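To start, the structure itself, in structure tokens.
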Amino acid sequence: MRILYDHQAFSLQNVGGISVYFYELASRLTNSPGVSVEVRLGLHNSVYPFEQLKAARHARILARRSAMLPGMYRYVINEALTSLGIVGSGRYDIYHSTLYRRMPAVRARAVVATNHDCTQERFPQFFRDPGRVIRAKASLYRRADMILCVSRISQRDVLKFYGIDEAKTRVINQGVSKLHRDPLAAREFTALLRRPYLLYVGARYPYKNFGGLIEAYADGGLAANYDLVVLGGGEFSDVENREISGRGLSSFVLHWGYATEAILAEAYCRASLFVSPSFYEGFGLPPLEALSLGCPVLASDSGSVPEICGDAAMYFDPNHPGDLTRKLSEALNTPSSDARRKRGCERAARYSWQRNADETLAAYMELMGR
């Protein structure tokens, strides 16, 4: 079976949930008997070690490291390079698009797409041009032979917003990678810590409700005893800085715009509480990472997180004013028992990238058998 993954996600990001999804999938399928994996990254600077996959017998990684920033300029260049390279490459069995377009130059027996979430469909007011993405997804999903959905919520959304026949969808959960602690990272991280802290990880798009967390942190008077550590998502915007300083929190919010895996692991292990305030997640990887390292989790009860984390996490209603403030205090005053930590680790262990790869390969095989 000859499988193609294109450049799209990797042209637009160096790190992120979609990139790690396709890296983990490709890295495992390269070791599957009878499978040939081709990844056409083009110019990239992904944090994921795709170059290491070149050693696999049945892997073809077409990529070149570049300092060019992710974005549409890199996307357009890679689109041209990939389209030229595909000419004369023959027919693939499976073409799995990494984002929302089907590259027209690709010849394939079957086209597969993955629906990670429907944030632009649910919250168009938070995006500059949601219609462009929605139209692209509609075209891809209509022409795709199968749509993989990372959760039941993701599946329900794609059926609701795109009128897709459910028989064309499959729910295949993402995995959670094991994060490893490192003594050097521990010293680097702890040198900047002063007090117990709450932890927020990842991007801070409007639907992620980071502003709601800042408000609840301030209104609950939590800065008296806890700092708020924020990892990832790049530098704070001017709006975020004004919100933090306007509430007198500048001395209590510690921010790393980018964090290594080792620092992330250390942060989860030492946090008093991990908070996921998002209005919606298609899967929700950071809460699972936190649970896998024994960190208590408080998350929004909307979106997929209750489906994925079950009774291993605590929840609040993001649409109910004051509920996050109350639940933060309750969670911090609830002792973190060994039983809860064990339940969290067991829950996270259900989600492996190998299982994701096995189920995805089974879906590909199903298409080939039609």
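The values are calculated or read from the model by the stated rules, or taken from the named source; none is laboratory data. Model, not experiment: these values are computed from the prediction. Virtual Cβ from ideal backbone geometry, glycine too; neighbours counted across all protein chains shown. Just so you know, the surface numbers come from the protein's heavy atoms only, side chains and all, with ligands and any DNA or RNA stripped out. Shrake-Rupley method; radii C 1.70, N 1.55, O 1.52, S 1.80 Å.
Of the residues making up the stretch 211-224, those that are within 25 Å of the chain's Cα centre (by Cα) and open to solvent by 10 Å² or more (accessible area, probe 1.4 Å) are 211, 212, 215. The residues in the stretch 293-305 that are open to solvent by 10 Å² or more (accessible area, probe 1.4 Å) and closer than 14 Å to residue 336 by Cα can be counted, and the count is 3. Among the residues of the stretch 264-320, those identified as under 24 Å from residue 193 (Cβ atoms), part of a strand (DSSP E or B) and over 14 Å from the mean Cα position of the chain (by Cα) are 273, 274, 275, 297, 298, 299, 314. Take the residues in the stretch 243-281 that are charged (D, E, K, R) and under 18 Å from residue 208 (Cα atoms), then tell me which one is least open to solvent (accessible area, probe 1.4 Å). Among residues in the stretch 243-281 that are charged (D, E, K, R) and under 18 Å from residue 208 (Cα atoms), the one least open to solvent (accessible area, probe 1.4 Å) is 281.
The numbered conditions (1) closer than 24 Å to residue 21 by Cα; (2) open to solvent by less than 50 Å² (accessible area, probe 1.4 Å); (3) modelled with pLDDT of 95 or more are all true for residue 240 except (1).
Checked against (1) part of a loop (DSSP other than H, G, I, E, B); (2) open to solvent by less than 30 Å² (accessible area, probe 1.4 Å); (3) at pLDDT below 95, residue 193 passes all but a single condition, namely (2). Residue 341: under 16 Å from residue 305 (Cα atoms), out of contact with any Ser or Thr (no Cβ under 8 Å at 6 or more places or on another chain) and in a helix (DSSP H, G or I), yes or no? Here the answer is no, as residue 341 does not meet what is asked. Residue 84 meets all of the listed conditions (1) farther than 22 Å from residue 177 by Cβ; (2) under 23 Å from the mean Cα position of the chain (by Cα) but one, namely (2). The residue of the stretch 46-87 that is nearest to residue 146 (Cα to Cα), among those that are of a type in the set (Lys, Arg) and open to solvent by 30 Å² or more (accessible area, probe 1.4 Å), is 60.
The single condition from (1) hydrophobic (A, V, I, L, M, F, W, C); (2) within 21 Å of the chain's Cα centre (by Cα); (3) assigned to a loop (DSSP other than H, G, I, E, B) that residue 229 fails is (3). Could you check, for the stretch 54-64, whether at least one of its residues is closer than 27 Å to residue 354 by Cα, at pLDDT below 90 and in contact with a helix residue (DSSP H, G or I) (Cβ under 7 Å, 6 or more places away or on another chain)? No: the stretch 54-64 contains no residue that is closer than 27 Å to residue 354 by Cα, at pLDDT below 90 and in contact with a helix residue (DSSP H, G or I) (Cβ under 7 Å, 6 or more places away or on another chain).
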